Amino acid sequence: MTLIEVIAATLIVSVAATGVLSYGYHGARQRRLARAQRAGTQIGRYLLEDWKGNGGSLFYARAVNDAPNPEELDMGFDYIGTNYKAGGEIECVYEVTVDSIPMRVTLIRKVGYQRLIELFVRVQWRSDLSDGAVEESDPFIVLSTNARIDQVGD
């Protein structure tokens, strides 16, 4: 009878320990995902405000002609390239690492002169939070605002 009780108690303790360890692992992963989302939101908000302060300029987004741009913010942004989309949209892609999480940041706006410009910033990170390249299927957040082209900040 004692051997059966010891085996049953060991089984119960091992199941409970597995549950506790699994809970700890998933809790740590969720904390890291929350950090990625928070960091992505903060980066997006900061870039939107800076871009808006530059009148929504395409030169800001594309990092050309010595214009103010995200690379000059000394926050680790690296310009990757520019994509022209159907419908007259331009996407300017940057990469940055925040809290050891690599992120792809895309500045999006329509090309052409409009008095009121809609600006978008998409921030994306790997779903497994690893150091590899960000894929199109990875999670992202999109933030937007509007800028008046004739209201450039100092």
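Mind checking the full-extension length gain between residue 118 and residue 71? Use 0.36 nm per residue of separation minus the Cα-Cα distance, one decimal, nm.
Length gained between residue 118 and residue 71: 14.8 nm.
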Angle between the chain longest axis and helix 2-53 axis [Cα atoms, degrees, rounded to 10] | 10 degrees
Spin-label point model (7 Å from Cα, Cβ direction): what's the residue 32 to residue 4 distance in nm?
-> 4.5 nm
State, to one decimal in nm, how far the label point of residue 131 lies from the label point of residue 89, with both points 7 Å from Cα in the Cβ direction.
-> 3.3 nm
Would you work out the relative contact order for the chain, in percent, from Cα pairs under 8 angstrom that are 6 or more residues apart?
-> 22 percent
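Each reported figure results from applying straightforward, stated rules to the coordinates on display, with no laboratory input. Quick caveat, the model's predicted, so the values are computed rather than measured. Cβ sites come from the backbone with ideal geometry, for glycine too, and all protein chains shown count toward neighbours.
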